Every structure is written in structure tokens, then in C-alpha cells.
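Enquirer: This is the structure, below, for whatever I ask next.
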Amino acid sequence: MINTLVFVLCLVTSGASPVVYGIENIFKEDLELEQQLKIINKPSIKTIHTKHGDIVDCIDINKQPAFDHHLLKNHKLQKKPNFQRRIKETSVKKLSDRSIFGLDKQQRCPKGTVPILRTTKKDFIREKNLLNSSIFVQNIPGVHLAEVAVSPKFGPYFSVGGDNSVYNPYVTKGQMSLSHIWVQNGPINSANKISFGWHVSPELYGDHDTHMYTSWTSDNYHRTGCFNIRCPGFVQTHRGSYIGSRETNISFYGGPIFGFYSSITQDPLTKNWWIGSLDYNIGYFPAKLFSNLGSANKVGLGGRTLTLSGYRSPPMGSGHFPDRNFFHASFYKLIFIQNVSRENYIPEKYQIEKYIDKPKCFGLSYYGNLRGNYGGALQFGGPGGNCGN
């Protein structure tokens with residue numbers, strides 16, 4: 001260490017200015033990272049170490065990172081939505097057990113606080129290697145998808161949801177594999193979009209586990225938007241389930257199958273977009289974040305993968321193609337959407353648009369209403385591989 005300092009001092013005194021500039025840049029970047037960490041990691045009322053090894057801080061609900069956004073400085077917190085949605089848990093359980101993203105019941109944050117996954121300096125450094133938002137933009141090299149959308153002809157739309165099987169597809173550095181529901185509106189170059197589901201992303205979390213995530217943008221990810229709470233925007237309201245939480249109850253080919261019921265619904269009064277699970281809401285994206293998401297002209301479900309251009313694509317879902325056996329390929333069942341009637345209904349096959357860019361790598365089958373314990377049903381996914389750009 002002493003020899004290193006002497007060497008640096010010799011270079012400085014000898015006029016080797018590039019070294020000085022290099023050191024200054026390192027100190028500057030490090031200072032910027034520390035400032036970003038202070039913004040995201042608010043003072044906590046309580047700190048929880050989860051069974052998965054995560055550190056979760058219980059933050060004053062009125063001082064969470066969302067309110068650092070310049071559009072939310074005077075935002076009035078909405079603690080509960082002005083709608084009710086409950087799926088009968090008995091019908092959901094008949095095909096799949098539950099994946100519970102979040103804290104155990106005995107670990108929940110105290111009243112008046114919400115759980116926020118702590119962000120580290122290493123998290124920021126890893127993210128620099130991640131094509132952070134391009135996975136949600138079509139026609140980008142390395143991004144592949146197998147999704148359905150409900151046609152704009154039958155909109156506008158105000159809600160989408162379904163019970164999704166949770167898997168842990170194998171990914172390597174620079175890759176991501178996800179399953180999600182989404183709502184969007186606006187011209188493609190300035191689209192407003194919200195996505196909610198689960199994904200595997202080593203660059204985002206530093207592991208190969210399955211995590212619950214959400215993302216948003218108001219300009220098709222040109223300047224706005226991010227995953228989870230890495231930028232201000234998402235308002236957390238639930239004391240137990242939190243964005244970025246990991247899950248070890250994972251489905252396997254042939255069973256057992258673990259499901260995660262997810263929904264995105266607009267509040268009819270405040271116009272905020274709430275994300276929820278089986279019978280509770282996790283939080284919301286305030287209407288003020290968006291320029292043209294007063295309603296959605298498209299809603300959709302399915303999967304995506306991301307890899308570096310020229311590399312083999314990771315698997316999607318279970319890694320198997322749809323075959324109508326719900327113990328094989330990844331699925332959404334009990335699918336519903338809401339249009340202007342604000343009543344849940346199952347999209348008909350003729351209302352569906354399919355997006356499959358690499359059929360040799362990934363497949364998709366929308367079955368419509370299978371009734372019984374399935375309702376509206378979709379299968380998607382595949383092994384990936386040499387898919388090309």
C-alpha cells in the first residue's frame with residue numbers, strides 16, 4: 001500500500017496528469033454512488049434480515065424513495081384503492097401451490113412503515129453492465145418474446161391479471177429471463193408502460209434466484225423508467241410483500257407447480273395504477289408519472305428473454321414449449337381483463353394479438369376459456385438457444 005502511494009505521488013510530481021485525472025474520476029464516481037445510495041436507502045425504523053439473506057429496511061411510509069420524484073413532491077399518499085378484487089383462493093390452489101414473495105407474517109414491518117430492499121454499491125456497479133430497460137423494447141438485438149396482447153380495437157383497458165407459474169430459468173452474465181403482465185398506451189416512441197411479474201437477473205441482484213419485479217416508463221425507456229425502486233416512482237403500501245423479493249418455491253417440469261397471482265389495475269377515482277397479488281395490493285404507480293396512461297390501449301401477458309447480441313438466448317419459463325399440459329410449459333391461467341365496463345372478462349381468441357419473434361426457440365398458445373380451474377389460459381416459453389438477433 002505504501003509503495004503504491006509513493007508511486008502515485010511520483011507520477012503526480014513528475015507531471016503525469018492522466019493519472020491524476022483518472023484518480024479524480026474514480027473518486028467522483030464513488031462519491032456519486034454514495035449520494036445515490038443515500039437517496040434510495042432511507043433511515044429505517046427497523047431492519048430485517050430475511051431467510052434468503054436479503055436486508056430489508058422498514059421505512060416511514062411517507063418518506064419512501066418514491067417521493068423524491070419531482071412530480072411527486074406534493075403527492076397525497078393513497079393507502080387503499082377504490083376498487084375491490086378478490087379471486088377465490090380455493091380455485092387457484094387446485095392446480096398450483098403458492099409462491100409468496102416477501103416477508104414471513106411474523107416479520108412484517110411495523111404499522112406506518114413499508115419494506116424496502118436495501119441497495120448496495122455493488123448493485124449499482126453490476127447494473128452498469130445490464131441493458132437496463134431494452135428488454136421491454138421490441139426489435140432490439142438480443143431481446144426475444146412470446147406474448148399475447150388484447151387488441152386496441154376492443155379497448156380501452158383498465159386492468160389485467162392472471163395466475164402465473166413461477167420458474168427459475170438458467171441465465172448467465174448479461175442475460176435475463178422474465179414472465180410478466182403489462183399495460184401500455186401512446187405512440188411506440190413515447191409509450192407509457194407498466195410491467196409486473198417475476199424474473200431472473202444476475203446483474204440486478206447479484207444472484208441467480210427468481211425475484212418479483214416491476215418496471216415503468218413514460219417515454220418507452222428513452223429517459224424515464226427503471227426496475228423496482230432504482231429510480232423514484234413506485235409507491236409501496238403493503239407491510240409484508242415488497243418489490244425485489246426473492247422466491248424459493250419454484251415450479252418443476254411435471255410438478256409441483258407454484259403460482260403467483262398478479263394484477264395491474266387502475267383506480268377509477270385517482271387514476272393511479274395498482275399492482276397486486278392474490279388478495280392484497282402491494283402498491284401503486286401514481287398517475288402523475290405518466291403523460292398518456294389515463295387508460296391502456298393494450299394489455300398483455302407472456303415472457304421475454306435478454307442476452308448479449310450474438311450469444312445464445314436463455315430459456316423462458318420452464319424451458320419447454322407449450323403442449324397443453326399445464327405441468328410442463330409455463331402458463332397464465334384465470335386470466336382476466338377489464339374494459340370500460342370495469343367488469344372482469346376473459347379475452348376471446350379473436351381479440352388476441354400474438355407476438356413470437358423466434359418460433360424455433362419459444363412458443364405460445366392462447367386457449368381462451370378452458371373453464372373449470374383454468375379459466376382464461378395461456379402457455380408460453382421454450383429452451384432458447386441459438387435464436388439469432
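The values are calculated or read from the model by the stated rules, or taken from the named source; none is laboratory data. Keep in mind the model is a prediction, meaning the values are calculated, not measured. So basically every Cβ, Gly included, is an ideal-geometry build from the backbone, and we count neighbours across all protein chains shown.
Enquirer: Looking at the stretch 329-375, which of its residues are of a type in the set (Asp, Glu) and touching a residue at least 12 places away in the same chain (Cβ under 8 Å)?
Expert: Kept after step one, since they are of a type in the set (Asp, Glu), are these residues of the stretch 329-375: 343, 348, 353, 357.
Hits for the stretch 329-375 are GLU348, GLU353, ASP357.
Enquirer: Select the strands (runs of 3 or more DSSP E) contained entirely in the stretch 203-289, then report the ones holding at least 2 residues which are over 19 Å from ILE40 (Cβ atoms) and among the small types (Gly, Ala, Ser).
Expert: Output list reads 258-266.
Enquirer: Here is a follow-up. Can you tell me which of (1) of a type in the set (A, V, I, L, M, F, W, C); (2) at pLDDT 95 or above; (3) part of a loop (DSSP other than H, G, I, E, B) is the one PHE331 doesn't meet?
Expert: Failed condition: (3).
Enquirer: State which residue is surrounded by the fewest Cβ atoms within 10 Å (Cβ to Cβ) when the search covers only the stretch 268-281 and only residues that are at pLDDT 95 or above and touching a strand residue (DSSP E or B) at 6+ places or on another chain (Cβ under 7 Å).
Expert: Looking at residues that are at pLDDT 95 or above and touching a strand residue (DSSP E or B) at 6+ places or on another chain (Cβ under 7 Å), I get ASN272.
Enquirer: How many of the residues making up the stretch 376-389 are free of Cβ contacts under 8 Å to residues at least 60 places away in the same chain, outside any strand (DSSP E or B) and either in contact with a Pro (Cβ under 8 Å, 6 or more places away or on another chain) or in the same structural domain as ILE257 (by TED's automatic domain parsing) (or both)? Walk me through how you get there before you give the answer.
Expert: Initially, the stretch 376-389 is screened for residues free of Cβ contacts under 8 Å to residues at least 60 places away in the same chain, giving 377, 379, 388.
With the extra rule that they be outside any strand (DSSP E or B), the set shrinks to 388.
Subset that is either in contact with a Pro (Cβ under 8 Å, 6 or more places away or on another chain) or in the same structural domain as ILE257 (by TED's automatic domain parsing) (or both): none.
Residues that pass the stated criteria total 0.
Enquirer: Can I ask one more? May I ask you to list the residues in the stretch 323-336 that are surrounded by 14 or more Cβ atoms within 10 Å (Cβ to Cβ) and out of contact with any Pro (no Cβ under 6 Å at 6 or more places or on another chain)? Steps first, please.
Expert: Step one: filter the stretch 323-336 for residues surrounded by 14 or more Cβ atoms within 10 Å (Cβ to Cβ), giving 326-336.
Within the stretch 323-336, PHE326, PHE327, HIS328, SER330, PHE331, TYR332, LYS333, LEU334, ILE335, PHE336 qualify.
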